[in-house]
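Readers should treat all values here as calculations from the given coordinates under stated rules, not as data from a laboratory. Everything quoted here is computed from the prediction, not taken from an experiment. Neighbour counts are summed over all protein chains in view; Cβ atoms, including those assigned to glycine, are modelled from backbone coordinates with ideal geometry.
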Amino acid sequence: MRDFSPPPYRIKMVEPIRRIPWKEREKALLKAHNNLFLLPSEAVYIDLLTDSGTGAMSHFQWAALMQGDESYAGSRSFYRLEQTVKNITGYGYVIPVHQGRGAEQVLLPLLVKHPGMYFISNMHFDTTRAHVELAGAGALDCVIPECHDVQSYHPFKGNMDLCACRSRIEGHKAENIAGIIMTLTNNSAGGQPVSMENLKQVSELAKEFGIPLIMDGARFAENAAFIKMREEAYAEFSIREIARKMFDLCDIFLMSAKKDGLVNIGGLIAIGDDEALFGQCRVRTVAYEGFPTYGGLAGRDMEAMAVGLEESLELDYLTHRLDQVRYLAEPLRRAGIPLQYPPGGHAVFIDCKEICAHIPYDRFPAQSFCNALYLESGVRTVEVGSLLLGRDPQSGENLESPFEWMRLSIPRRTYTYAHLDYVTEAVLAVYEKRESLRGLCFEYEPPVLRHFTAKLKYV
Ligand SMILES: *Cc1c(COP(=O)(O)O)cnc(C)c1O
């Protein structure tokens, strides 16, 4: 038997994808000014840009869409979603929102009581950091140092460094800490999980100082699966039980349901027992998202999310899901390609710093690799390195990222192992000719979030 976990589903509807010829890919990339964000999706064969909102829904979800109640207030679909979230989390209060950042913009400013406050996180996701800063607070990351030791095994590279966290709290004083945010899994570090033991200790720390503990749980189910696989004390518990223990340790749950909600759009705020905070969130939801029984979603979207949340807790699904990531990472690692190891729950992160050592950081080595991979194969990936990082606001200099990642995100229930084999072959082919890759510079550089719309040219 070959060593992999076969998918617990079969295909009943297909979406054609086409690999356009090399010459057309060349033209498309040129037209996109060497920025893969500017490619039309029709020029892409296998799209590993993100796992966010790109997954496939089940026939149960498609059937649930038909039952959407589109009432403005008091929609039946809302009550169904609310009950599902209460059952999974054990929390008392639920608000749907249009996606994860909607939850952030509603909740986070409510926790910032005065100027000079901070959030502490294992690692803030980009949009979370942006909303922390927009709320006038600072964002401090305290992930364990092993997270940055890319090629060494650690079962829970998303863990909080407890000493660093405590010293940040004591240094800034507890009354200046607006909240502790645990990102599960740790997206920016490659979908690295957090252990139950670590979450417990963070929870105790938060209680000791009276600081609310927020779970940024876009991938809470994937995190629970890693706990079951790697933390012995939890091997015999179901995913649902493990998830429940995770929720018991936190006070507030924010979620981009575009990940483990198994839907194309949607998000959630759930609050344990702070009724006053829930009331404040409802007020802000009306202003920013929509009436609190739809929060920017159609009734049918809430139906699909209610079903998706349940499906994301199925062990067979999660086993296959995590195995796809491992399956993609393994042959690349065997070939000597440096990557975040062990791979996380949703993506393979390849470090192009060494691979393209002849390209300086401000000529964007990972972007060069991503572009070459697209030309080679029609596979779209994304740079997470110095191009994304941007410039120092004071000096205007390009900042140097510690890693030059090429991220290959795997959408849920979307591609087969055969697709992944194709991606592996393509990455290996580009790796073989890595010395011929050239750096890039700007033809046009936007003032903020430059990677999305930059125009690049080869130097
Ligand atoms: C995706 C994500 C968000 C933001 O959610 P959107 O749905 O993209 O707005 C926040 N936190 C984490 C950990 C995420 O992965």
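For a label point 7 Å from the Cα of Lys12 along Cα→C-beta, name the residues of the stretch 51-87 whose backbone N is under 16 Å from it.
Zone members listed by number: 56-67.
In terms of the Cα gyration tensor, with a ≥ b ≥ c the square roots of its eigenvalues, is the stretch 59-311 rounded because a/c is under 1.5, prolate because a/b exceeds b/c, or oblate?
Working: a/c = 1.96, a/b = 1.29, b/c = 1.52.
Cα axes put the stretch 59-311 in the oblate bin.
For Asp126 and Val448, compute 0.36 nm times the residue count separating them, minus their Cα-Cα distance, and round to one decimal in nm.
114.6 nm
Please compute the net charge surrounding Phe226, taking Lys and Arg as +1 and Asp and Glu as -1 over other residues with Cβ under 14 Å from its Cβ. Each step should come with its number before you reach the end.
Numbers: positive: Lys157, Arg219, Lys228, Arg230, Lys245, Arg321, Arg326; negative: Glu197, Glu222, Glu231, Glu232, Asp260, Asp323.
Local net charge: +1.
Could you list, in their original order, any pairs among Lys200/Lys353; Lys228/Lys353; Lys23/Lys433 whose Cα atoms are separated by more than 26 Å?
Details: Lys200/Lys353 36 Å; Lys228/Lys353 33 Å; Lys23/Lys433 19 Å.
Beyond 26 Å: Lys200/Lys353; Lys228/Lys353.
May I ask for the equivalent-ellipsoid semi-axes of the stretch 302-441, computed as the square root of five times each C-alpha gyration tensor eigenvalue and listed largest first in whole Å? Can you show the working numbers first?
Working: eigenvalues 178, 77, 31 Å².
They are 30, 20, 12 Å, listed from largest to smallest.
Based on the alpha carbon coordinates of the chain, what radius of gyration and maximum Cα-Cα distance (Dmax) apply, in Å?
Rg and Dmax of the chain, Cα atoms, are 21.7, 62 Å.
Which distance in Å, rounded to a whole number, links the C-alpha centroids of the stretch 1-59 and the stretch 90-133?
32 Å
Along Cα→Cβ, 7 Å out, is where each label goes; now give me the distance between the ones at Tyr458 and Glu397 in nm to one decimal.
3.0 nm
Full extension from Ile20 to Ser167: what is 0.36 nm times the residue separation minus their Cα-Cα distance, to one decimal in nm?
Details: separation 147, 0.36 × 147 = 52.92 nm, distance 5.44 nm.
Once the chain is fully extended between Ile20 and Ser167, it gains 47.5 nm.
In terms of Cα to Cα distance under 12 Å, which aspartates and glutamates are near enough to Lys245, apart from those fewer than 8 places away along the same chain?
Glu197
Roughly what would the spin-label model give for Phe60 and Glu208, points 7 Å off Cα along C-beta, in nm?
Taking the simple label geometry, Phe60 and Glu208 are separated by 4.2 nm.
Please report the orientation-averaged projected area of the stretch 21-180, defined via the convex hull of its C-alpha atoms, in nm².
Numbers: hull surface 62.3 nm².
Hull-based average projected area comes out at 15.6 nm².
Per DSSP H run of at least 4 residues, take -39500 (n - 2.57); add these up for the chain, divide by its residues and hand me the 222 nm value, nearest 500 deg cm²/dmol. Spell out each step's value before the answer.
Numbers: 17 runs with 186 residues, N = 459.
Computed ellipticity for the chain at 222 nm equals -12000 deg cm²/dmol.
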